[in-house]
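Report on the following structure.
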Amino acid sequence: MRHFFSATRTSDEAQSKPSPDMLYQLLKELGISAQDAVMIGDTQIDMTMAKAAGMDRIGVTMGVHNAQQLNELSPVATVDNYLQLQQVLLG
């Protein structure tokens, strides 16, 4: 699946979530600002990490937490499936 991603980071390569360290590393590697990026995640920890990095976030309910839990951290959107995610990303 590597061809789908420009860069990746895990807790083996950066501080663990909710530290924004892995997002900071990715932003630096890709040469983009937090304002030009979006974090997509399925947990409150993901949303907390993105919020700490000053990054917009999209919650996906296809994982651990439900929409109510994800919305507590003010994502720009919360989606229930990949089609909805695609619609949000393409605007």
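None of the figures in this text is laboratory data; all of them are computed from the coordinates on show. The structure displayed is predicted, hence computed values, not measured ones. Cβ atoms come from the backbone with ideal geometry, glycine included; neighbour counts cover every protein chain shown.
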Checklist outcome for this item: Within the range 57-88, residues of a type in the set (S, T, N, Q) and either without any contact (Cβ under 8 Å) to a residue 12 or more places away in the chain or under 13 Å from residue 44 (Cα atoms) (or both) come out as 61, 66, 68, 69, 71, 74, 78, 84, 86, 87
Item to check | Any chance residue 10 is polar (S, T, N, Q), more than 9 Å from the chain's Cα centre (by Cα) and not in a helix (DSSP H, G or I) | outcome: yes
Next on the checklist: Name the residue that is nearest to the chain's Cα centre (by Cα), counting only residues in the range 60-91 that are among the aliphatic types (A, V, I, L, M) and assigned to a strand (DSSP E or B).
Outcome noted: 60
Next on the checklist: For the list (1) under 17 Å from residue 5 (Cβ atoms); (2) touching a strand residue (DSSP E or B) at 6+ places or on another chain (Cβ under 8 Å); (3) of a type outside the set (D, E, K, R), I need the number of the one condition that residue 86 fails.
Outcome noted: (2)
Checklist entry - Does residue 25 satisfy the condition of being of a type in the set (S, T, N, Q) and under 21 Å from residue 79 (Cα atoms)? => result no
Item to check | Residues that are under 16 Å from residue 64 (Cβ atoms) and of a type in the set (Val, Ile, Thr), drawn from the range 1-49 | outcome: 40, 43, 45, 48
Next on the checklist: With the requirement that a residue be surrounded by 15 or more Cβ atoms within 10 Å (Cβ to Cβ) and part of a loop (DSSP other than H, G, I, E, B), what does the range 28-59 give you?
Outcome noted: 37, 42, 43, 53, 55
